[in-house]
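Report on the following structure.
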Amino acid sequence: MEIKIVGICGSPIKQGNTEAFLETTLKVAREMEGVTTEAVSLSGKNIGDCQHCNWCLSGQKPGQFCKQNDDMNEIYPLLVEADGLLLASPVYFARLSGRIACFIDRLRAFAYGNYYRRQLRGKVGGALAVGWYRHSGVETTLLSLNFALSSLGMIIAHERGAALGAGGVASLNGTGKFTPDDKLTVLKDEHGLKSARRLARRMVELIRITKLGREALDRESEQ
(Lines give C-alpha, C1' and ligand atoms only; values in the text may rest on other atoms or scores of the structure.)
Protein backbone atom coordinates (compact mmCIF):
# COMPACT_ATOMS: atom_id res chain seq x y z
CA MET A 1 0.00 0.00 0.00
CA GLU A 2 1.35 3.40 -1.03
CA ILE A 3 0.88 6.24 1.47
CA LYS A 4 1.77 9.91 1.13
CA ILE A 5 1.88 12.38 4.02
CA VAL A 6 2.31 16.12 3.49
CA GLY A 7 3.67 18.28 6.30
CA ILE A 8 3.09 22.04 6.46
CA CYS A 9 5.49 24.15 8.52
CA GLY A 10 3.85 27.37 9.64
CA SER A 11 6.94 29.10 11.00
CA PRO A 12 8.31 32.27 9.37
CA ILE A 13 11.80 30.96 10.24
CA LYS A 14 13.21 28.62 7.65
CA GLN A 15 15.12 25.61 8.99
CA GLY A 16 14.19 26.51 12.55
CA ASN A 17 12.89 24.45 15.46
CA THR A 18 9.37 23.95 14.08
CA GLU A 19 10.68 22.75 10.74
CA ALA A 20 13.13 20.40 12.49
CA PHE A 21 10.32 18.99 14.66
CA LEU A 22 8.17 18.42 11.58
CA GLU A 23 11.03 16.77 9.70
CA THR A 24 11.70 14.45 12.65
CA THR A 25 8.07 13.34 12.55
CA LEU A 26 8.03 12.84 8.78
CA LYS A 27 11.30 10.87 8.94
CA VAL A 28 9.70 8.31 11.26
CA ALA A 29 6.77 7.96 8.86
CA ARG A 30 9.12 7.58 5.86
CA GLU A 31 10.88 4.69 7.54
CA MET A 32 7.64 2.69 7.48
CA GLU A 33 6.88 0.49 4.49
CA GLY A 34 5.26 2.19 1.52
CA VAL A 35 5.30 5.71 2.99
CA THR A 36 6.54 8.82 1.22
CA THR A 37 6.45 12.33 2.66
CA GLU A 38 6.76 15.91 1.50
CA ALA A 39 7.38 18.97 3.64
CA VAL A 40 6.25 22.46 2.70
CA SER A 41 7.62 25.50 4.50
CA LEU A 42 5.36 28.55 4.44
CA SER A 43 8.37 30.77 5.13
CA GLY A 44 8.76 33.29 2.32
CA LYS A 45 5.63 32.15 0.52
CA ASN A 46 3.00 34.59 -0.69
CA ILE A 47 -0.28 33.38 0.76
CA GLY A 48 -3.01 35.99 0.96
CA ASP A 49 -5.82 36.13 3.48
CA CYS A 50 -9.03 34.33 2.61
CA GLN A 51 -11.32 37.10 1.40
CA HIS A 52 -14.55 35.14 1.83
CA CYS A 53 -15.48 36.26 -1.67
CA ASN A 54 -17.28 32.93 -2.18
CA TRP A 55 -15.74 32.46 -5.62
CA CYS A 56 -14.87 28.88 -4.71
CA LEU A 57 -18.56 28.08 -4.13
CA SER A 58 -19.31 28.29 -7.84
CA GLY A 59 -16.12 29.10 -9.75
CA GLN A 60 -13.95 26.06 -9.07
CA LYS A 61 -13.01 23.71 -11.88
CA PRO A 62 -10.23 21.13 -12.26
CA GLY A 63 -6.92 22.74 -11.34
CA GLN A 64 -8.49 25.99 -10.15
CA PHE A 65 -9.07 26.05 -6.41
CA CYS A 66 -9.25 29.72 -5.48
CA LYS A 67 -9.69 33.08 -7.20
CA GLN A 68 -6.44 34.38 -5.75
CA ASN A 69 -3.28 33.73 -7.72
CA ASP A 70 -0.57 33.12 -5.14
CA ASP A 71 1.58 30.34 -3.69
CA MET A 72 -1.42 28.36 -2.43
CA ASN A 73 -1.86 27.23 -6.03
CA GLU A 74 1.20 24.99 -5.72
CA ILE A 75 0.10 23.58 -2.36
CA TYR A 76 -3.54 22.73 -3.08
CA PRO A 77 -2.70 19.82 -5.48
CA LEU A 78 -0.35 18.28 -2.90
CA LEU A 79 -3.19 18.16 -0.38
CA VAL A 80 -5.54 16.53 -2.89
CA GLU A 81 -3.00 13.76 -3.52
CA ALA A 82 -2.05 13.28 0.14
CA ASP A 83 -3.43 10.58 2.43
CA GLY A 84 -2.35 12.45 5.55
CA LEU A 85 -1.72 16.06 6.54
CA LEU A 86 0.57 17.23 9.34
CA LEU A 87 0.20 20.85 10.49
CA ALA A 88 3.15 22.27 12.44
CA SER A 89 3.14 25.66 14.14
CA PRO A 90 5.33 27.60 16.55
CA VAL A 91 3.54 28.90 19.63
CA TYR A 92 2.79 32.64 19.49
CA PHE A 93 0.92 34.07 22.50
CA ALA A 94 -0.44 30.62 23.35
CA ARG A 95 -1.84 30.12 19.87
CA LEU A 96 -0.80 29.14 16.37
CA SER A 97 1.20 31.47 14.11
CA GLY A 98 -0.53 33.95 11.83
CA ARG A 99 1.20 32.32 8.86
CA ILE A 100 -0.39 28.92 9.37
CA ALA A 101 -3.70 30.50 10.43
CA CYS A 102 -3.82 32.20 7.03
CA PHE A 103 -2.99 28.90 5.32
CA ILE A 104 -5.81 27.17 7.21
CA ASP A 105 -8.29 29.89 6.27
CA ARG A 106 -7.49 29.29 2.61
CA LEU A 107 -8.53 25.64 3.02
CA ARG A 108 -12.06 27.02 2.82
CA ALA A 109 -11.69 26.03 -0.82
CA PHE A 110 -11.94 22.41 0.34
CA ALA A 111 -14.79 23.05 2.76
CA TYR A 112 -17.16 24.88 0.41
CA GLY A 113 -15.77 24.66 -3.13
CA ASN A 114 -18.19 23.45 -5.76
CA TYR A 115 -15.58 21.10 -7.30
CA TYR A 116 -13.07 20.34 -4.51
CA ARG A 117 -15.53 20.21 -1.62
CA ARG A 118 -14.71 17.54 0.96
CA GLN A 119 -11.37 16.67 -0.64
CA LEU A 120 -9.81 16.31 2.82
CA ARG A 121 -12.80 14.58 4.40
CA GLY A 122 -11.86 11.16 5.76
CA LYS A 123 -8.13 11.73 5.41
CA VAL A 124 -5.88 11.59 8.46
CA GLY A 125 -4.55 14.75 10.11
CA GLY A 126 -2.03 15.41 12.85
CA ALA A 127 -0.90 18.45 14.82
CA LEU A 128 2.57 19.58 15.90
CA ALA A 129 3.48 22.60 18.03
CA VAL A 130 6.77 23.99 19.29
CA GLY A 131 6.88 26.44 22.19
CA TRP A 132 9.73 28.20 23.96
CA TYR A 133 8.74 27.73 27.59
CA ARG A 134 7.02 24.77 29.16
CA HIS A 135 3.30 25.46 29.77
CA SER A 136 3.36 28.47 27.45
CA GLY A 137 0.66 27.41 25.01
CA VAL A 138 1.69 24.19 23.29
CA GLU A 139 -1.59 22.50 24.19
CA THR A 140 -3.78 25.43 23.10
CA THR A 141 -1.90 25.63 19.81
CA LEU A 142 -2.45 21.92 19.22
CA LEU A 143 -6.14 22.36 19.98
CA SER A 144 -6.41 25.16 17.41
CA LEU A 145 -4.81 22.95 14.77
CA ASN A 146 -7.05 20.03 15.70
CA PHE A 147 -10.18 22.19 15.45
CA ALA A 148 -9.16 23.09 11.91
CA LEU A 149 -8.58 19.45 10.96
CA SER A 150 -11.90 18.48 12.49
CA SER A 151 -13.75 21.24 10.63
CA LEU A 152 -12.42 19.80 7.38
CA GLY A 153 -13.84 16.37 8.26
CA MET A 154 -10.45 14.80 8.82
CA ILE A 155 -9.65 11.92 11.16
CA ILE A 156 -7.38 13.30 13.86
CA ALA A 157 -4.49 11.14 14.99
CA HIS A 158 -3.93 10.83 18.74
CA GLU A 159 -1.77 8.48 20.72
CA ARG A 160 -0.69 7.82 24.28
CA GLY A 161 1.85 10.50 25.08
CA ALA A 162 0.51 12.55 22.19
CA ALA A 163 -3.11 13.03 23.22
CA LEU A 164 -3.55 16.30 21.34
CA GLY A 165 -0.76 15.75 18.84
CA ALA A 166 2.95 16.23 19.45
CA GLY A 167 4.44 19.18 21.29
CA GLY A 168 8.03 20.18 21.83
CA VAL A 169 9.93 22.95 23.58
CA ALA A 170 12.74 24.91 21.96
CA SER A 171 14.65 25.88 25.10
CA LEU A 172 16.48 23.48 27.40
CA ASN A 173 13.80 21.54 29.30
CA GLY A 174 11.39 24.38 28.53
CA THR A 175 13.13 26.66 31.04
CA GLY A 176 14.06 29.45 28.63
CA LYS A 177 17.73 28.52 28.75
CA PHE A 178 19.55 27.80 25.52
CA THR A 179 22.99 27.39 24.02
CA PRO A 180 23.78 30.22 21.58
CA ASP A 181 25.52 27.90 19.11
CA ASP A 182 22.58 25.44 19.04
CA LYS A 183 19.68 26.80 17.03
CA LEU A 184 17.66 23.55 17.08
CA THR A 185 17.22 22.93 20.78
CA VAL A 186 13.89 21.18 20.18
CA LEU A 187 15.96 18.17 19.06
CA LYS A 188 17.14 17.85 22.67
CA ASP A 189 13.57 17.57 23.96
CA GLU A 190 13.40 13.79 24.17
CA HIS A 191 9.86 13.71 25.53
CA GLY A 192 8.68 15.92 22.69
CA LEU A 193 10.50 13.81 20.12
CA LYS A 194 8.96 10.67 21.57
CA SER A 195 5.48 12.15 21.17
CA ALA A 196 6.33 13.08 17.56
CA ARG A 197 7.45 9.53 16.80
CA ARG A 198 4.29 8.08 18.31
CA LEU A 199 2.13 10.48 16.33
CA ALA A 200 3.85 9.55 13.07
CA ARG A 201 3.29 5.83 13.62
CA ARG A 202 -0.34 6.38 14.60
CA MET A 203 -0.98 8.47 11.50
CA VAL A 204 0.35 5.75 9.23
CA GLU A 205 -1.68 3.13 11.08
CA LEU A 206 -4.90 5.14 10.69
CA ILE A 207 -4.21 5.82 7.02
CA ARG A 208 -3.77 2.11 6.35
CA ILE A 209 -7.02 1.33 8.18
CA THR A 210 -9.01 3.97 6.30
CA LYS A 211 -7.59 3.05 2.89
CA LEU A 212 -8.33 -0.63 3.43
CA GLY A 213 -11.83 0.29 4.59
CA ARG A 214 -12.51 2.36 1.48
CA GLU A 215 -11.23 -0.44 -0.74
CA ALA A 216 -13.58 -2.88 1.00
CA LEU A 217 -16.53 -0.53 0.54
CA ASP A 218 -15.68 -0.11 -3.15
CA ARG A 219 -15.61 -3.90 -3.63
CA GLU A 220 -18.91 -4.23 -1.81
CA SER A 221 -20.57 -1.60 -4.00
CA GLU A 222 -19.40 -3.42 -7.13
CA GLN A 223 -21.07 -6.69 -6.13
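Kindly rank 72-82, 91-101 from highest to lowest mean number of other beta carbons found within 10 Å of each residue.
Numbers: 72-82: 16.0, 91-101: 19.0.
Descending packing order for the listed peptides: 91-101, 72-82.
Summarising the amide proton neighbourhood of residue 86: residues at separation of 5 or more, or on other chains, whose placed amide H is nearer than 5 Å comprise 6, 7, 8, 126. The amide H of residue 37, built 1.01 Å from its N in the peptide plane, has 5 as neighbours under 5 Å, considering only residues 5 or more places off or on other chains. Taken one residue at a time, the phi angles of segment 171-177 give Karplus couplings (6.51, -1.76, 1.60, θ = phi - 60°) of 10, 4, 6, x, 8, x, 7 Hz. Gly and Pro are set to x. With contacts taken as Cα pairs under 8 Å and at least 6 residues apart, segment 138-220 reaches a relative contact order of 28 percent.
Close amide H contacts of residue 60 (hydrogens built in the peptide plane, cut-off under 5 Å, sequence separation of 5 or more or a different chain): 114, 115. Here segment 78-106 and segment 5-72 have alpha carbon centers that stand 7 Å from each other.
Rounded to 0.05, the FRET efficiency of the residue 210 and residue 46 pair, given R0 = 35 Å and the Cβ-Cβ distance, is 0.55. Taken one residue at a time, the phi angles of segment 91-107 give Karplus couplings (6.51, -1.76, 1.60, θ = phi - 60°) of 8, 10, 6, 6, 8, 6, 6, x, 5, 7, 4, 5, 4, 4, 4, 6, 6 Hz. Gly and Pro are set to x.
If the only charges are +1 at each Lys and Arg Cβ and -1 at each Asp and Glu Cβ, what is the size of the charge dipole of the chain around the Cα centre, to the nearest 20 debye?
Values: 29 positive and 24 negative charges, 79 e Å.
The dipole magnitude comes to about 380 debye.
Based on DSSP H segments of at least four residues, each scored -39500 (n - 2.57), the chain has a per-residue ellipticity at 222 nm of -12500 deg cm²/dmol.
Taking a sphere under 9 Å around the Cβ of residue 72 and counting the other residues whose Cβ falls inside, with K and R at +1 and D and E at -1, yields a net charge of -1. The residues of segment 85-174 expose, per residue, 43 Å² of accessible area to a 1.4 Å probe. For segment 1-98, relative contact order (Cα pairs under 8 Å, six or more residues apart, normalised by length) works out to 41 percent.
Spatially, segment 188-207 and segment 109-153 are offset by 17 Å when compared through their Cα centroids. Applying the Karplus relation 6.51 cos²θ - 1.76 cosθ + 1.60 with θ = phi - 60° to segment 126-134 yields 3J(HN,Hα) values of x, 10, 10, 9, 10, x, 8, 9, 5 Hz, where x marks Gly and Pro.
With a simple spin-label model that places each label point 7 Å from the Cα along the Cα-to-Cβ direction, the separation between residue 31 and residue 58 comes to 5.3 nm.
When every alpha-carbon pair in the chain is counted, what percent end up more than 29 Å apart?
On the way: 6316 of 24753 pairs.
Looking at the chain, the distances longer than 29 Å represent 26 percent of pairs.
The values are calculated or read from the model by the stated rules, or taken from the named source; none is laboratory data. All values derive from a computational prediction rather than experimental measurement. Cβ sites come from the backbone with ideal geometry, for glycine too, and all protein chains shown count toward neighbours. Heavy atoms of the whole protein, side chains included, go into the accessibility calculation; ligands, DNA and RNA do not. Shrake-Rupley method; radii C 1.70, N 1.55, O 1.52, S 1.80 Å.
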